[in-house]
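Structure first, then comments.
The values are calculated or read from the model by the stated rules, or taken from the named source; none is laboratory data. In this text, all values refer to a predicted model and were calculated from it rather than measured experimentally. Cβ placement follows ideal geometry from the backbone for every residue including glycine, while neighbour counts extend to all protein chains displayed.
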Amino acid sequence: MWHGCRGPKPMSDRVHAGTGMSLAQCFAGCRAERRAALIPFLTCGYPDGPQSLELLRGMADAGADIIELGIPFSDPLADGPTIQRSSFRALEGGMSTEGTLDVLRAFRAGHDTPVVLFGYLNPILRYGVDEFARAAIEAGAQGLLLTDVPAGSDPVLEKRLAAHGLALIRLIAPTTSPERITVMAGAGAGFLYYISRTGITGARAQLRRALGREVEAVKRRAGGIPVVVGFGISTPAQAADVAAVADGVVVGSALIDRCERDGAEGVQEFVAALRGVMQRDGPDPPATSSRPPHPG
Amino acid sequence: MTPRAPAAGDRFGPYGGRYVPETLIAALDELTAAYRDASADPAFAAELRGLLEDYAGRPSPLYRAPRVEEAIGAGPVYLKREDLNHTGAHKINNTLGQALLARWMGKRRIIAETGAGQHGVATATVCALFDLECVVYMGTEDVERQALNVYRMELLGAEVRPVDSGSCTLKDATNEAIRDWVTNVRDTHYIIGSVVGPDPFPRMVRDFQAVIGEETRAQLEAAEGRLPGSVVACVGGGSNAMGIFHAFVPFGDVRLVGVEAAGEGLDSGRHSAPLAAGTPGVLHGSLSYLLQDADGQVAPAHSISAGLDYPGVGPEHSWLLDEGRAEYVTVTDDRALAAFHRLSRLEGLIPALESAHAMAHVFEAGAELARHGPVVVCLSGRGDKDVAHVARLSGTEADE
C-alpha cells in the first residue's frame with residue numbers, strides 16, 4: 001500500500017532553513033502578553049504535501065504560537081476518526097517521515113514559529129533513532145511528542161531521541177499518578193501536555209467540569225514547566241475556558257474537520273478566532289462558537 | 001532496540017515493553033499488580049483449575065495419530081487436542097484466566113479483539129459465565145469470513161462492533177480495542193487474545209496458555225516415558241505456540257517449531273510471516289518482529305486463515321528466534337488448505353485453518369522431525385468455523 005513511499009522531493013530552500021524560535025522563548029513571550037499559547041495541530045501531508053505546507057504557513061500567519069506537525073502513521077491508535085482519516089489520506093498521497101521533515105524545512109524558510117513533531121514510534125525506529133533526532137533538529141523542529149513512548153518506557157531510547165536537542169514532550173493523562181507527574185516534570189523539556197480526558201483525539205461538544213482543577217494540580221507539580229491542554233477542544237469558547245487555566249491550548253481534530261469543510265481559508269479564520277480568545281485579561285470570550293461543535 | 005537482560009521485567013531480551021499511550025500506564029500497573037497477587041493466591045489458582053476442568057473440559061487429550069504416521073512413514077506423532085476444548089480452541093484457557101482477573105480488579109466491562117472469531121467467542125462465553133458486559137471488535141472482512149462466529153458471539157450476549165479502518169482485519173480490530181480501552185480504562189478490562197500487546201499481556205497470556213505444554217509433558221511422559229523430540233504449533237500472535245512451548249523451553253533437546261502463514265508465498269508480499277520476513281518494530285504496545293515498509297508503516301498481512309492474518313507476533317517468539325531456541329517455518333495458503341482436507345480424511349479430525357498450517361508442516365517434514373523423537377502437534381482449534389469458507393474456496397455452496 002505505502003511500500004517504499006518516500007514523500008515529496010526535498011524542497012529547494014532546505015539549505016536556507018532557519019532553526020526556529022525556542023519553546024522557552026515562545027512561552028516567555030506569551031506570558032509577557034498575559035495570554036496562553038495557541039498550538040494548532042496538522043497532519044503533515046493532509047490534504048497533500050504542498051497544501052499542508054500552505055496550511056502551516058497560514059496557521060503561523062494567523063497567530064499560531066507553536067505548531068504540532070503530525071507524522072502520519074498507518075496505525076494511529078491514540079487518534080480518533082478525524083486524525084485517522086487525515087493520516088490515511090496523507091499516506092495515500094505518499095507522505096512519509098522524510099517528507100514531513102521536508103515540509104518542515106520549507107516552512108522554516110519563512111517562519112520561526114516553533115514546531116513540535118507529533119507521531120508514533122515505529123516510523124522513527126525505521127528511520128533510525130539517532131538519524132531522526134539529528135535530522136529533525138536540522139530541519140528546524142523544537143520538540144517531539146511520541147504518543148506511544150510514555151515516560152520511562154524505554155530510557156535508552158528516550159535519551160537518544162533527546163540527544164541532539166529535541167524537547168521530548170510528555171503527555172499527562174487524567175489517570176497519571178502524581179508521582180509520575182513529578183518525575184516527568186523533573187526530566188521535562190519544553191512543556192507538559194495534559195490530556196483533557198481519558199480517550200483518543202477528537203472534537204467533543206463539552207469539556208469535563210473538573211478540567212480546571214486538574215490542570216491546576218498538574219501545574220503545582222510542574223515546577224515552572226508550561227502546562228498545555230489538548231484533546232477534544234473544538235470551539236473558541238472551549239479554548240477560552242482552557243486558556244484561562246493553562247499555558248497553552250492544543251486544537252487538532254476540530255481544525256482538520258474545518259479544513260474538510262472550508263479548506264485553507266477556513267483553517268486560517270479558525271486559527272485567528274482561537275488566537276483571539278487566548279488573552280487572559282482580554283475581552284470576554286464569545287458565549288458560543290460560530291459553528292456548532294462536532295462531537296468526535 | 002534497547003538491549004536488556006533476557007526476560008527481565010517487562011521484556012524478552014530487547015522485545016516487548018510498554019509502548020502505549022500514557023493513559024494506559026496506570027491500568028497496566030494495576031493489571032500487573034493484580035496478576036502478581038492473583039498468581040500468589042491458592043484460591044485463585046484453584047478456581048481457575050476447577051473451571052478449566054469442569055467447564056472447559058481439560059485436560060485435553062494427547063492423541064496418537066496412527067494414520068498420520070502411516071502417511072508420513074514415521075512416528076510417533078501426537079496431536080494435542082485443544083480442538084476439544086469448550087468453544088473449540090485453546091482460546092478459552094486465556095479468557096477464563098483473564099475474566100477471573102477482571103473480577104479480581106472489580107472491572108465489569110470487557111473488550112476484546114478477534115480475527116477468526118475464536119477469541120471473540122471465548123471472550124463472549126466467559127462474559128456470559130461471569131455476567132460481564134462484553135464488546136468485541138472485529139474487522140469487517142473477518143465479519144464476512146466468519147459470519148457464524150459473529151452470530152455465536154451475539155447469542156452469548158456480546159456486542160460485535162465491525163471495524164472498517166485500514167485492512168479491516170485483526171490488526172485494525174486491535175487498534176480499535178485499544179482506542180476503546182484508552183477511553184474507558186477505569187471500568188474496562190481488555191482481554192487480549194494472544195501473547196501480544198504491552199507488558200504484562202505477553203507473559204500473562206503465555207502463563208494462562210502454559211497448561212497446554214504442562215499437560216503435554218505429563219501425558220507424553222505417561223505414554224512414551226520421555227520428552228518430545230519436537231513440538232510444532234502455528235504462530236499468528238503465537239499464543240497456542242507459546243502455551244505448548246513454554247514447558248519445554250528449558251529442555252534444549254526439544255525442538256520448538258513455529259509455523260507462520262506464508263499466504264500466497266513469501267515472495268508475493270501477501271503473507272503473515274513477520275518472523276520469517278519481517279523486521280523489528282513497534283505495534284500494539286510492544287517491540288517485536290513486524291511486517292512494515294521502508295517508512296515504518298505497518299504492511300497489510302494476508303492469510304487464508306483469519307486467525308493468522310496479523311502483521312505482528314508475540315515478543316517472546318522474537319526472542320526465541322534471535323536466541324536460536326525456536327525455529328520458525330512457513331506454510332502457504334494452498335498447503336494449509338491441502339492439510340485441512342488431508343487431516344479430515346486421515347483421522348476424521350477437521351482442523352481449524354490455523355492449526356492446518358502446523359499439520360501441513362508435519363505432513364511435509366514429519367519424517368525428518370520424527371528422527372529426533374516423538375512429534376507433538378498442537379491442534380489448536382477445530383475447523384467447524386472454517387467449513388463454509390473452505391467450501392466457498394472449493395466452489396461449493398455450504399449453508400452456514
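Sub-6 Å Cβ pairs linking a first residue in the stretch B:16-40 that is on the phi > 0 side of the Ramachandran plot and more than 7 Å from chain A (Cβ to nearest Cβ) to a second residue that is at pLDDT 95 or above and in a loop (DSSP other than H, G, I, E, B), at least 6 apart or interchain, are B:Gly16/B:Asp199, ordered by first then second residue.
Checked against the criterion of being within 14 Å of chain B (Cβ to nearest Cβ), of a type outside the set (Phe, Trp, Tyr) and within 23 Å of B:Thr183 (Cα to Cα), the candidates A:Ile195, A:Ile256, A:Ile233 yield just one match: A:Ile195. The residues of the stretch B:344-400 that are outside any helix (DSSP H, G or I), of a type outside the set (D, E, K, R), surrounded by fewer than 16 Cβ atoms within 10 Å (Cβ to Cβ) and on the phi < 0 side of the Ramachandran plot, listed by number, are B:His372, B:Ser394, B:Thr396, B:Ala398.
Restricting attention to the stretch A:199-229, the residues that are closer than 20 Å to B:Val182 by Cα, of a type outside the set (Asp, Glu) and out of contact with any Leu (no Cβ under 9 Å at 6 or more places or on another chain) add up to 13. Scanning the stretch A:216-230 for residues that are over 17 Å from A:Gly190 (Cβ atoms) and touching a Phe, Trp or Tyr at 6+ places or on another chain (Cβ under 9 Å) yields nothing. The residues listed here are B:His284, B:His271; of these, the one that is of a type outside the set (D, E, K, R), more than 8 Å from chain A (Cβ to nearest Cβ) and buried (at least 24 other Cβ atoms within 10 Å of the Cβ) is B:His271.
Being of a type in the set (A, V, I, L, M), under 15 Å from B:Gly265 (Cα atoms) and touching a residue at least 12 places away in the same chain (Cβ under 8 Å): is that true of B:Ala306 here? Answer is no for this residue.
The set of residues from the stretch A:161-178 being in contact (Cβ under 8 Å) with a residue 12 or more places away in the chain and either under 21 Å from B:Thr23 (Cα atoms) or within 9 Å of chain B (Cβ to nearest Cβ) (or both) comprises A:Ala167, A:Leu168, A:Ile169, A:Arg170, A:Leu171, A:Ile172, A:Ala173, A:Pro174, A:Thr175, A:Pro178.
Filtering B:Arg152, B:Arg217 for residues that are in contact with a Gly (Cβ under 9 Å, 6 or more places away or on another chain), modelled with pLDDT of 95 or more and of a type in the set (Lys, Arg) leaves a single hit, B:Arg152. With respect to (1) outside any loop (DSSP other than H, G, I, E, B); (2) in contact with a helix residue (DSSP H, G or I) (Cβ under 7 Å, 6 or more places away or on another chain); (3) buried (at least 24 other Cβ atoms within 10 Å of the Cβ), the lone exception for A:Thr100 is condition (2).
Quick check on B:Asp54: is it surrounded by fewer than 17 Cβ atoms within 10 Å (Cβ to Cβ), acidic (Asp, Glu), within 30 Å of B:Pro280 (Cα to Cα) and free of Cβ contacts under 8 Å to residues at least 24 places away in the same chain? For B:Asp54, the condition - surrounded by fewer than 17 Cβ atoms within 10 Å (Cβ to Cβ), acidic (Asp, Glu), within 30 Å of B:Pro280 (Cα to Cα) and free of Cβ contacts under 8 Å to residues at least 24 places away in the same chain - is not met. Applying the condition of being at the interface with chain A (Cβ under 8 Å from one of its Cβ atoms) and without any contact (Cβ under 8 Å) to a residue 24 or more places away in the chain to the stretch B:287-298 and asking which residue is surrounded by the fewest Cβ atoms within 10 Å (Cβ to Cβ) yields B:Ala294. Here the stretch A:116-133 is the region considered, the condition is being of a type in the set (A, V, I, L, M) and facing chain B (nearest Cβ under 8 Å), and the residue that is farthest from A:Pro72 (Cα to Cα) is A:Val129. Among residues of the stretch B:205-244 being of a type in the set (A, V, I, L, M) and in a strand (DSSP E or B), the one that is surrounded by the fewest Cβ atoms within 10 Å (Cβ to Cβ) is B:Val232. Got at least one residue in the stretch A:39-49 being modelled with pLDDT of 95 or more and aliphatic (A, V, I, L, M)? Yes; the residues of the stretch A:39-49 include at least one that is modelled with pLDDT of 95 or more and aliphatic (A, V, I, L, M).
Is it the case, given these coordinates, that A:Phe73 is crowded, with 22+ Cβ neighbours inside 10 Å, within 14 Å of chain B (Cβ to nearest Cβ), within 24 Å of A:Val229 (Cα to Cα) and modelled with pLDDT of 95 or more? Yes: the conditions hold for A:Phe73. Looking at the structure I just gave you, is B:Thr23 modelled with pLDDT under 95, more than 25 Å from the chain's Cα centre (by Cα) and crowded, with 20+ Cβ neighbours inside 10 Å? Yes: the conditions hold for B:Thr23.
Could you list, in sequence order, the residues of the stretch B:139-197 that are under 27 Å from B:Tyr15 (Cα atoms), hydrophobic (A, V, I, L, M, F, W, C) and within 14 Å of chain A (Cβ to nearest Cβ)? B:Cys168, B:Leu170, B:Ala173, B:Ala177, B:Ile178, B:Trp181, B:Val182, B:Val185, B:Ile192, B:Val196 - these are the residues of the stretch B:139-197 that are under 27 Å from B:Tyr15 (Cα atoms), hydrophobic (A, V, I, L, M, F, W, C) and within 14 Å of chain A (Cβ to nearest Cβ). Of all residues in the stretch B:299-317, those that are within 14 Å of chain A (Cβ to nearest Cβ) and among the small types (Gly, Ala, Ser) total 3. Can you tell me which residue in the stretch B:158-204 is surrounded by the fewest Cβ atoms within 10 Å (Cβ to Cβ), limited to those that are hydroxyl-bearing (Ser, Thr, Tyr) and more than 19 Å from B:Glu141 (Cα to Cα)? Only one residue tops the list, namely B:Thr183. For A:Gly223, the conditions (1) touching a Ser or Thr at 6+ places or on another chain (Cβ under 7 Å); (2) more than 27 Å from A:Ser87 (Cβ to Cβ) all hold with the exception of (1).
Note on the stretch A:134-156: among residues that are assigned to a helix (DSSP H, G or I) and buried (at least 22 other Cβ atoms within 10 Å of the Cβ), the one that is nearest to the other protein chains (Cβ to nearest Cβ) is A:Ala136. Annotation: A:Leu211 fulfils all but one of (1) away from every other protein chain (no Cβ under 14 Å); (2) within 24 Å of A:Asp79 (Cα to Cα); (3) under 18 Å from the mean Cα position of the chain (by Cα); the unmet one is (3).
A:Phe107 meets the conditions (1) away from chain B (no Cβ under 14 Å); (2) surrounded by fewer than 21 Cβ atoms within 10 Å (Cβ to Cβ); (3) more than 26 Å from A:Gly232 (Cα to Cα) in every case but one. The failed one is (2).
Can we say A:Phe88 is in contact (Cβ under 8 Å) with a residue 40 or more places away in the chain and either within 14 Å of another protein chain (Cβ to nearest Cβ) or surrounded by fewer than 21 Cβ atoms within 10 Å (Cβ to Cβ) (or both)? No; evaluated as a whole, the condition is false for this residue. For the stretch A:157-173, the candidate set comprises residues that are assigned to a helix (DSSP H, G or I) and over 18 Å from the mean Cα position of the chain (by Cα); within that set, the residue that is surrounded by the fewest Cβ atoms within 10 Å (Cβ to Cβ) is A:Lys159.
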